[in-house]
Amino acid sequence: ALSWRENGAALVWAVVILVVCARVFLYPTRQTVWHDYGDAGRAWIASDDVYKLDRGDGVVRAMSGFRYAPIVSVFLAPFSVLPDSYANVLWRLFGIVFFLGGLWCCVRECSLACNLTGRQTATMWLLIMPLTLPSLNNGQANVLLMGLLLTAGAAVAKERWSIAAGFLAGAFLL
């Protein structure tokens, strides 16, 4: 059972996520990098160049903000068919689910190894929030990337090598 401190930390996280998602839904073009991801997904659907390279005169003069492996654009395609308000929210929720899930796995392993109290665990959850909020707010892939790495780390701690390799492969694509 979670302590009241841990429940309080979970409530703070829930409120922050709700506020970010509401802001993004209402203002889908402000403070976001989703347009790069959405453009890449739409380009893949249209069989277009996801990197938007301009090969005029044999020199690459322009490039989009999409810097990931081409397979990532395939993954982004389902998000990109939605209106930007919905896609922005779903993209952030997808990343935060992976991040919080990975963090939860790592905190659980750390709590078992270090005998952390409920207060220490709640403090850890709250101290991580200011570090995560800018990337979550902008919709950066960093949130998803950290979730993949944290989950891989927890899998390594449990010697679940195949699971760790799968999550690391996803991280390498980003």
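Filtered by the rule that a residue be open to solvent by 50 Å² or more (accessible area, probe 1.4 Å) and in a helix (DSSP H, G or I), segment 146-162 gives 146, 149, 156, 157, 161, 162. When residue 114 is tested against the conditions (1) of a type in the set (A, V, I, L, M, F, W, C); (2) over 16 Å from the mean Cα position of the chain (by Cα); (3) open to solvent by less than 60 Å² (accessible area, probe 1.4 Å), the lone failure is (3). Within segment 80-105, residues that are free of Cβ contacts under 8 Å to residues at least 40 places away in the same chain and part of a helix (DSSP H, G or I) sit with their Cβ atoms under 8 Å from residues that are surrounded by fewer than 23 Cβ atoms within 10 Å (Cβ to Cβ) and among the aliphatic types (A, V, I, L, M), at 6+ positions apart or across chains, in these pairs: 90/82.
Among the residues of this structure, residue 156 does not count as one that is within 12 Å of the chain's Cα centre (by Cα) and over 26 Å from residue 4 (Cβ atoms).
Being open to solvent by less than 50 Å² (accessible area, probe 1.4 Å), under 30 Å from residue 26 (Cβ atoms) and assigned to a helix (DSSP H, G or I) is the filter here, so list the residues in segment 119-144 that pass it. Across segment 119-144, the qualifying residues are 125, 128, 129, 132, 135, 136, 137, 138, 143, 144. When residue 100 is tested against (1) open to solvent by 20 Å² or more (accessible area, probe 1.4 Å); (2) modelled with pLDDT of 90 or more; (3) over 30 Å from residue 6 (Cβ atoms), exactly one condition is not met: (3). Selection of segment 12-55 for residues being small (Gly, Ala, Ser) and surrounded by 17 or more Cβ atoms within 10 Å (Cβ to Cβ) yields 38, 40, 41, 43.
The values are calculated or read from the model by the stated rules, or taken from the named source; none is laboratory data. Not measured: the values here are computed from a predicted model. In this analysis, Cβ positions are derived from the backbone assuming ideal geometry, glycine residues included, and neighbour counts consider all displayed protein chains. For accessibility, only protein heavy atoms count, side chains too; no ligands or nucleic acids. Shrake-Rupley method; radii C 1.70, N 1.55, O 1.52, S 1.80 Å.
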